[in-house]
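Chemist: The structure that follows is given in the form of structure tokens.
All of the numbers you see were taken from the coordinates with simple rules; none came from a lab. Because the structure is predicted, anything quoted here is derived from the model rather than measured. No Cβ is skipped: glycine too gets one built from the backbone with ideal geometry, and neighbour counts run over all protein chains shown.
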Amino acid sequence: MMRCRSSIAALIFSLGVLSTELHAQTSYRLTLIETDPPSDQTVFATDLSDKGLVVGLSDANIIANRHAFAWRHGHYRDLHGLLPPTALISTASGTNNRADIVGMYFDGARESNFSFLLRHRRFVLIETTVGTGGVSVSAEDINNRRQVTGETFDFGRPRGFVWDRGRVTILPAFTDTGNVTVMEINDHGVVVGTVDDAVGGDFVISAVIWRNGQPLDLGLPPGWLGARGNAINNLGQVVGNLIGANRGGAFLWQRGDINELPTLDGALASGALDINDRGEIVGTTGFAAAPFAVATLWDDEGIHDLNDLISRDDPLQPFVTLLVAQLSNDRGRIVARGTDSRQPDRTATYLLTPQR
């Protein structure tokens with residue numbers, strides 16, 4: 001289910017190694033995700049449920065004004081009012097098919113970060129250590145079993161956790177010096193993320209999954225130096241980014257094997273951000289010349305520039321260029337960021353709905 005979340009900043013582009021001719025049979029229609037009433041605020045999506053619920057943060061470019069939001073079928077809701085009155089800023093980071101929402105807020109009275117679960121609009125504080133009140137806890141995702149995953153800093157450095165109705169399991173690194181970044185949890189309770197650690201004098205970045213609280217390094221394709229895990233589906237397939245010497249790429253891990261994903265013709269780089277249970281992968285591709293990046297889809301037909309798949313009769317199609325596809329659900333809907341030529345200095349968030 002999630003998160004684009006912060007993984008966009010982690011993309012490191014690489015030389016493309018393969019191109020695939022487009023043979024897509026599906027086209028998409030665009031819907032702008034915006035505040036209600038419409039405003040100049042920047043809306044950034046972090047998760048997308050199978051029922052079309054989008055969550056994230058508004059006014060993303062101005063930290064002091066950030067508010068958690070939920071959006072569905074064109075209806076926008078500011079969630080900040082459901083949080084404690086001392087909350088100054090907030091973000092929503094994950095949701096599930098029950099419309100539960102998790103996120104984080106900064107408490108001005110206690111000057112620390114706290115994480116929350118909104119269940120039927122009821123506020124629940126997510127705590128990882130008894131007596132701390134959940135200080136320095138960053139909830140990232142929630143599955144359909146209402147298990148929450150994220151990071152806690154109660155141990156002096158980032159550690160992953162799974163919170164299950166108040167019971168907490170800490171997700172360790174491979175050593176006592178490793179830092180954990182968590183991205184998603186699937187409905188089987190398997191978590192994906194990254195471990196950064198210094199091993200033998202070298203700084204190692206490893207894509208990792210945690211099963212039953214134990215980490216498994218997903219390994220690397222030949223020629224790569226590190227990897228970051230971004231998303232996992234209910235089949236256990238994982239996607240993420242590969243890190244090399246002045247290059248980067250996208251990978252798919254399944255059944256114990258990790259492989260680099262193909263790139264568009266002429267690409268300088270690629271990154272994979274999400275995968276649904278249909279095996280469709282979304283992300284971005286970078287180029288040396290304009291357009292410098294395009295939203296990208298990998299499916300059973302090959303690899304596609306999503307801009308080529310927007311319906312020609314869509315009124316937004318002549319103006320919008322999609323730069324990065326962040327999220328995908330099991331109904332084939334996609335959330336992507338892009339620009340509108342009528343407002344070239346601003347990026348916006350769009351929902352892509354498949355047309356059969």
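Chemist: Could you pull out the GluC sites (Glu not before Pro) across segment 31-131 that fall in loop regions by DSSP (anything but H, G, I, E, B) with no more than 15 other Cβ atoms inside 10 Å?
Modeler: Passing sites in segment 31-131 are GLU111.
Chemist: Please grab the % of Cα pairs in the chain that end up more than 32 Å from each other.
Modeler: 27
Chemist: Here's another thing I want to ask about it. Taking every pair of distinct Cα atoms and averaging 1/r, then inverting, what Kirkwood hydrodynamic radius in Å comes out for segment 129-252?
Modeler: Every distinct Cα pair counted, the radius reaches 14.7 Å.
Chemist: Could I ask something else about it? If amide hydrogens are placed 1.01 Å from N in the peptide plane, which non-local residues have theirs closer than 5 Å to the one on PHE123?
Modeler: Here nothing satisfies the definition.
Chemist: Can you give the % of DSSP beta bridges in segment 5-355 that are antiparallel, to the nearest 5?
Modeler: 100
Chemist: Would you work out the relative contact order for the chain, in percent, from Cα pairs under 8 angstrom that are 6 or more residues apart?
Modeler: Normalised by residue count, the contact order of the chain is 18 percent.
Chemist: Points 7 angstrom from Cα along the Cβ direction at ARG98 and ASP78: gap in nanometres?
Modeler: The two pseudo-label positions are separated by 2.9 nm.
Chemist: For segment 235-356, taking Cα atoms only, what is the radius of gyration to one decimal and the Dmax to the nearest whole Å?
Modeler: Calculated on Cα positions, Rg and Dmax stand at 14.4, 46 Å.
Chemist: Just to be sure I understand: with springs between alpha-carbon atoms less than 10 Å apart, which residue in ARG165, ARG255, ARG145 has the highest mean-square fluctuation in the Gaussian network model of the chain?
Modeler: Fluctuation is largest for ARG255.
Chemist: Sequence-distant or interchain residues sharing an amide H contact under 5 Å with ALA250, placed H: which?
Modeler: HN-HN under 5 Å from ALA250: LEU242, LEU261, SER270.
Chemist: While we're on this one: Please find the FRET efficiency linking THR175 to ASP277, where r is the Cβ-Cβ separation and R0 is fixed at 35 Å, and quote it to the nearest 0.05.
Modeler: Values: r = 34 Å, r/R0 = 0.96.
So, using R0 = 35 Å, E works out to roughly 0.55.
Chemist: In sequence order, what are the phi-derived ³J(HN,Hα) couplings for segment 26-41 according to the Karplus relation 6.51 cos²θ - 1.76 cosθ + 1.60 with θ = phi - 60°, rounded to whole Hz, with x for glycine and proline?
Modeler: 9, 10, 10, 10, 9, 10, 6, 9, 9, 5, 10, x, x, 8, 7, 5
Chemist: Let me ask something else about it. Does segment 199-290 come out rounded, prolate or oblate, given a ≥ b ≥ c as the square roots of the eigenvalues of its C-alpha gyration tensor, rounded meaning a/c under 1.5 and, failing that, prolate meaning a/b above b/c?
Modeler: Verdict is oblate for segment 199-290.
Chemist: Sticking with this structure for a sec: For segment 76-146 and segment 240-275, compute the distance between their C-alpha centroids and round to whole Å.
Modeler: Answer, in whole Å: 32.
Chemist: Further question: Just want the answer: with Cβ charges of +1 for Lys and Arg and -1 for Asp and Glu, which residue in ALA231, HIS80, VAL43 is farthest toward the dipole's positive end in segment 5-355?
Modeler: Sorting the options by dipole projection puts first HIS80.
Chemist: Among LEU261, LEU235, LEU306, which one shows the biggest mean-square fluctuation in a GNM of the chain, springs joining Cα atoms closer than 10 Å?
Modeler: Maximum fluctuation in the GNM of the chain, among the listed residues, is at LEU235.
Chemist: OK, next. Have a look at SER39, SER115, SER136 and tell me which one the Gaussian network model of the chain (Cα, springs below 10 Å) gives the largest fluctuation.
Modeler: Ranking SER39, SER115, SER136 by mean-square fluctuation puts SER39 first.
Chemist: Let me check the size of segment 69-213 from its C-alpha atoms; what are the radius of gyration and Dmax in Å?
Modeler: 15.6, 52
Chemist: Could you state the number of Å between the C-alpha centres of segment 310-340 and segment 53-75?
Modeler: Result: 18 Å between the Cα centres.
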